[in-house]
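The next block holds one structure in the form of structure tokens; read it before the comments.
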Amino acid sequence: MQFLSDEWTEAVKNAVASSEEFKAATASQHVRIQQVVTMPDGSETRYWMTIDGGAVDMGTGGVDNADATISQDYDTAVALSKGELSPTAAFMGGKVKVDGLMKVMGLQSAMGMLGSLVKGIPVEYETS
């Protein structure tokens, strides 16, 4: 399946939703996150994730009233997806920009789990 597609967001949502560890890490969280990925051609691809008391929903496109917007370039998004780069390292290295940082601070451990949760999903990435 193509990275950042509807099929990919559904597979990621299912992987995350099946993790009791992720549910426990997000049990007290209520947040809408807009993800913005700058593609190799300069266009933007958007997807969103909502976390509500451990329940997760996710899809492509925009989300109304996002609590936080996380922006990165395509190569960073790929490295995060593959688990080759941790969200903390990406943020500290300036590869990820977060508008609404305080709202996502409580998600640090949960976001760190994403790479391992999606590792088994067969994904096709664009080549630049």
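The values are calculated or read from the model by the stated rules, or taken from the named source; none is laboratory data. Remember, predicted model here, so these are calculated numbers, not experimental data. When we count neighbours, we look across all protein chains shown, and the Cβ atoms used for this are built from the backbone with ideal geometry, even at glycine.
Number of residues in segment 12-57 that are of a type in the set (A, V, I, L, M), farther than 17 Å from Met105 by Cβ and part of a loop (DSSP other than H, G, I, E, B) equals 1. Looking across Val104, Val96, Val56, Val63, one residue alone is aliphatic (A, V, I, L, M), surrounded by 13 or more Cβ atoms within 10 Å (Cβ to Cβ) and farther than 24 Å from Ser28 by Cα. It is Val96.
A search for C-beta distances below 9 Å between a residue of segment 86-106 that is among the charged types (D, E, K, R) and any residue that is in a helix (DSSP H, G or I), counting only pairs 6+ apart in sequence or on different chains, returns Lys95/Asp75; Lys95/Thr76; Lys95/Ala79; Lys95/Leu80; Lys95/Ala89; Lys97/Phe91. Which residue, of Ala17, Ala25, is among the small types (Gly, Ala, Ser) and either at pLDDT 95 or above or surrounded by fewer than 18 Cβ atoms within 10 Å (Cβ to Cβ) (or both)? Just a single option satisfies the conditions, and that option is Ala17.
Pairing residues of segment 8-34 that are closer than 19 Å to Asp67 by Cβ with residues that are of a type in the set (D, E, K, R) and part of a helix (DSSP H, G or I), at Cβ distances under 8 Å and at least 6 apart in sequence or on separate chains, gives Val31/Lys103.
Looking at this structure, is Ala68 in contact (Cβ under 8 Å) with a residue 12 or more places away in the chain and out of contact with any Gly (no Cβ under 6 Å at 6 or more places or on another chain)? No: the conditions fail for Ala68. Within segment 110-128, being surrounded by fewer than 17 Cβ atoms within 10 Å (Cβ to Cβ), in contact (Cβ under 8 Å) with a residue 24 or more places away in the chain and outside any helix (DSSP H, G or I) holds for Lys119, Gly120, Ile121, Pro122, Glu124, Tyr125, Glu126, Ser128.
Scan (1) farther than 20 Å from Lys103 by Cβ; (2) surrounded by 16 or more Cβ atoms within 10 Å (Cβ to Cβ); (3) not β-branched (Val, Ile, Thr) for the single condition Gly42 breaks and write down its number. Going through the list (1) farther than 20 Å from Lys103 by Cβ; (2) surrounded by 16 or more Cβ atoms within 10 Å (Cβ to Cβ); (3) not β-branched (Val, Ile, Thr), Gly42 breaks only (2).
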